[in-house]
Amino acid sequence: MSGRAIWDIVLVGIIFFLLVMLAESIREKPPESLTELYFSDHLSLPDMVNGTVQVSFSVRNLEHTRIAYRADITAELYNAKNNYKNISLDSVLIPLDSGNLSVFSKSYDIKDDFTKLKLKVRLSWDGGTREISFWAKSASQILYYKGLGNGTVECLSYTNYVQSLEKISITATGTDAQGYPIMQVWLDGNKLAEYSVSGTVRFDVMASAGDGTHYLDIAFINDYYDKASGEDRNLYIEQVFALGRPLRPSFIETGKGIKAFDCLDEAKGLQSEGAARYRIVVGGPR
């Protein structure tokens, strides 16, 4: 075989290879999946669960054809040593016409012991998958904070006994650093008042709480520190009284938003965002 013949064969091979590569590059790609999956209450997912977890999610079919979806709901349960087991909670078939939305909501009891869990929803169908998840902590004494979510009072062991909780008197000191600290007063998960604390000030907060156990939280919500200038905005709770009787904090923790009420802190002061927390029994021992 002559050298030119060999060259012609090589050239044909190269051309064939290039044509194959060109065909692969222009082959129509499958359309991307347009299915939507999200937690219906994604702005207020539970931070705490007490043996029961509420699952609420939405599926929207934007695939231009009817789809038979399958939703698998599982939970990864972690113990104190961070070991975990995976349990199946449910499997649901969700047939949806194009453009339609389906909302699924159900509560599940979890009998296994755990310290935290990861709740997962996996959506699958012929052509794609979606998955969403959230984390929650196990808590035995959950308290709902209006507008924030679930906190817990399980760490508030010390109890203050008073005969009345009609008025709470708080003396606080605020230090200025590009603005004064903001102090919020919460009772049983409801915000009673909010103050800007300039210097040392006494605040009288009307409560009107009846006999029984109540939970008072005094929160600092706008910490600020400038490392370059040394400016530091702080809130100090000097004294708290109910009907002239001093109240002692049951627990002090740091955290922003609902994290100030989750019993997961060992801080010893309010030099950052957080809350001084009080367990109070009205009508108890004198």
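The values are calculated or read from the model by the stated rules, or taken from the named source; none is laboratory data. Everything numeric here is computed off the predicted structure, so don't read it as measured data. Virtual Cβ from ideal backbone geometry, glycine too; neighbours counted across all protein chains shown.
Filter the range 103-120 for residues that are among the hydrophobic types (A, V, I, L, M, F, W, C), under 19 Å from ALA71 (Cβ atoms) and surrounded by 13 or more Cβ atoms within 10 Å (Cβ to Cβ) and give the result.
Those that are among the hydrophobic types (A, V, I, L, M, F, W, C), under 19 Å from ALA71 (Cβ atoms) and surrounded by 13 or more Cβ atoms within 10 Å (Cβ to Cβ): PHE104, ILE110, LEU117, LEU119.
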Item checked: Single unsatisfied condition, ILE87 versus (1) without any contact (Cβ under 8 Å) to a residue 40 or more places away in the chain; (2) touching a Leu at 6+ places or on another chain (Cβ under 9 Å); (3) surrounded by 14 or more Cβ atoms within 10 Å (Cβ to Cβ); (4) closer than 22 Å to LEU264 by Cα -> (4)
Checklist line | Which numbered condition LEU243 misses (of (1) touching a residue at least 60 places away in the same chain (Cβ under 8 Å); (2) under 23 Å from CYS155 (Cβ atoms); (3) not aromatic (Phe, Trp, Tyr)) | finding: (2)
Item checked: Among residues of the range 90-118, those that are in contact (Cβ under 8 Å) with a residue 40 or more places away in the chain, β-branched (Val, Ile, Thr) and within 20 Å of GLN141 (Cβ to Cβ), counted -> 1
Checklist line | Considering residues of the range 243-255 that are surrounded by 13 or more Cβ atoms within 10 Å (Cβ to Cβ) and farther than 14 Å from ASP217 by Cβ only, the residue modelled with the highest pLDDT | finding: ARG245
Margin query: Conditions first: (1) at pLDDT 95 or above; (2) over 31 Å from the mean Cα position of the chain (by Cα). VAL240 passes all but one, so which condition is the exception?
Written below: (2)
Item checked: Hits in the range 226-242 (condition: surrounded by 14 or more Cβ atoms within 10 Å (Cβ to Cβ) and in a strand (DSSP E or B)) -> ASP232, ARG233, LEU235, TYR236, ILE237, VAL240, PHE241, ALA242
Margin query: Restricting to the range 121-180, give me the number of residues that are touching a His at 6+ places or on another chain (Cβ under 9 Å) and either more than 30 Å from SER33 (Cα to Cα) or loosely packed, with under 14 Cβ neighbours inside 10 Å (or both).
Written below: 1
Margin query: Among the residues of the range 55-71, what is the count of those that are touching a strand residue (DSSP E or B) at 6+ places or on another chain (Cβ under 6 Å), of a type in the set (D, E, K, R) and surrounded by fewer than 16 Cβ atoms within 10 Å (Cβ to Cβ)?
Written below: 1
Notebook entry, point to check: Which one of these does GLU76 not meet: (1) free of Cβ contacts under 8 Å to residues at least 40 places away in the same chain; (2) surrounded by 15 or more Cβ atoms within 10 Å (Cβ to Cβ); (3) outside any loop (DSSP other than H, G, I, E, B)?
Noted result: (1)
Checklist line | Per-region count, the range 71-97, residues modelled with pLDDT under 95, of a type in the set (Ser, Thr, Tyr) and touching a Ser or Thr at 6+ places or on another chain (Cβ under 7 Å) | finding: 1
Next item on the list: Scan the range 215-237 for residues that are under 26 Å from the mean Cα position of the chain (by Cα) and of a type in the set (Val, Ile, Thr) and report the count.
Entry: 2
